[in-house]
Structures are given as structure tokens and as C-alpha cells.
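The values are calculated or read from the model by the stated rules, or taken from the named source; none is laboratory data. Everything numeric in this text was worked out from a predicted model, so none of it was measured. Positions of Cβ are generated from backbone atoms using ideal geometry, with glycine treated the same way; all protein chains shown enter the neighbour counts. Ligands, DNA and RNA are stripped out before the accessible areas are found, and what is left, the full protein with its side chains, is counted by its heavy atoms. Shrake-Rupley method; radii C 1.70, N 1.55, O 1.52, S 1.80 Å.
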Amino acid sequence: MNSKLPAWVGLGAFMLSLAAGCMNAFTLVSLIALPVTHSTGTTSAFSIALAHGDFSQALYLLGLIIAFVLGAVSSGLLIRDYHLKLGRRYGIALMSEAVLVTLAFVSYQDDPMVTHFLLAFAAGLQNAMATTYSGAVVRTTHVTGILTDLGIQAARAITGQRVDRPRIFLFIWIFVGFVTGSFFAAFFFPILGALVLLLVILLSGGTGLAYYVYRILAMRKQSLTVKPGSQ
């Protein structure tokens, strides 16, 4: 990994994991009561439902898994690369996520099931936006992988091997963001209800819009740059 973590990478990872933590905790403390930002627990619950012969529940859980995958597919179609790099269409992906979460918020009172599927789709879209940065696997919607990597880095430090400090800082930012977002949703849900999803909408939409404007300005600046010998 690079010798120094760029500020935009750490800030972006924090904000996205903050949004994901809020989404996931919301689904756990609300009427939905199932995780949405990762599919490990959903897959286990799907298998348990099949084993118990609860086919309607199994079908519902399978739908959540498919929604997550379809979100990742849509992200791949938008961005078309899994390496994190400025200039790619992250802004459009994030603003699309904001729209999905807005629809999830609107549908919550009438049909929590629709909310669940929309949030699963949004989580899949976000998680697939950028899966690697300078060789490190980056996941902003769950923390299992980053905790594993932090454990590996800790083992390297204990045994006197070289540790990757920028990677450690990146993963710490993601962990802190996810915990903070989860705390926010759990603490404020009894007061605000589904309004806690507004944090996700503001984070994803605001970050997406800011990045989209940056990308447009950067492309315009590049097009106005006169290359030597071009005249």
C-alpha cells in the first residue's frame, strides 16, 4: 500500500461505513429484524429455514441475497472496475444509493418487506463500489474482513515483521464508522423511527453529489489543458 493514506480515501471509507452501520442497525432494531449490509447471516438463516421446511421464509431470505447481488451487479455496470481510483463514476453510484434508501424510507410504514429488499440492493451497490485499494481488500458494509486483516497486522507486529500502517488506519476508519452509524441508529430509532435513514440518505447523496461535481470539474479542467505541441 502507499506510504501514506490519502485523506479522501480515509474520509470516504468512514462516511460510507457510517451509512452502512446505520442501515444495518436500523434493520436489526426495526420491524425487519434481519441484517442487510452483508449476506452471511442471511445465508445461514436461509439454510435454517430450508431445513425446517419454512419455504416462504426461505424464499424471502433468498430474495434478500439476490437483491444484494443485483446491487453489486449494478455497481459493476456503473463503475466497471474494482480498484479504487479518482475519476470513476462513484458519484452516480452513491446518488443512486441515496435514491434507493429514500424509497426504502418512504415504503417502510406500508411495507417493511419492500424496505428490506431496497436496503439490501443499496448495500450490495455500495459494497461493490471499490473492493480494492493498493492491494487491500476494502469492504464498507461489514467488518469481518477488516477485523481479520487487523488481526493479521497485529500478529506481524508481535512477531517483529513490518506492518502496513496506512492499511491499519484505513480499516480502523471503517470500523469506527460502522460502529458509529450502528450506535446512531440504535440510539435514535426509539425516538425518530425510520427517520434515522435520513443519515444514510444525506451521507450517500451528499458524498455522491460532491464527488460528481468534483469529477465534472476535473474533466473540464483536463479538457481545457493545452498539451505542448498541440497547436
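Summary table below
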read-out: Some residue of segment 121-142 being open to solvent by 50 Å² or more (accessible area, probe 1.4 Å), more than 13 Å from the chain's Cα centre (by Cα) and farther than 20 Å from residue 79 by Cα; value: no
read-out: Condition met for residue 129 (of a type outside the set (Phe, Trp, Tyr) and either farther than 23 Å from residue 218 by Cβ or modelled with pLDDT of 90 or more (or both)); value: no
read-out: Complete set of residues in segment 16-35 that are closer than 17 Å to residue 126 by Cα and over 11 Å from the mean Cα position of the chain (by Cα); value: 25, 26, 27, 35
read-out: Number of the exception - residue 115 against (1) within 18 Å of residue 17 (Cα to Cα); (2) open to solvent by less than 30 Å² (accessible area, probe 1.4 Å); value: (1)
read-out: Members of segment 38-95 that are of a type in the set (Phe, Trp, Tyr), more than 18 Å from residue 120 (Cα to Cα) and at pLDDT 95 or above; value: 55
read-out: So residue 186, is it hydrophobic (A, V, I, L, M, F, W, C), buried (at least 18 other Cβ atoms within 10 Å of the Cβ), part of a helix (DSSP H, G or I) and in contact with a helix residue (DSSP H, G or I) (Cβ under 8 Å, 6 or more places away or on another chain); value: no
read-out: Flag for residue 59 being farther than 18 Å from residue 102 by Cα, loosely packed, with under 14 Cβ neighbours inside 10 Å and not charged (D, E, K, R); value: yes
read-out: Hits in segment 28-42 (condition: surrounded by 15 or more Cβ atoms within 10 Å (Cβ to Cβ) and either part of a helix (DSSP H, G or I) or not β-branched (Val, Ile, Thr) (or both)); value: 28, 29, 30, 34, 35, 38, 39, 42
read-out: Extreme residue, nearest to residue 10 (Cα to Cα), among residues of segment 151-168 that are open to solvent by 50 Å² or more (accessible area, probe 1.4 Å) and part of a loop (DSSP other than H, G, I, E, B); value: 162
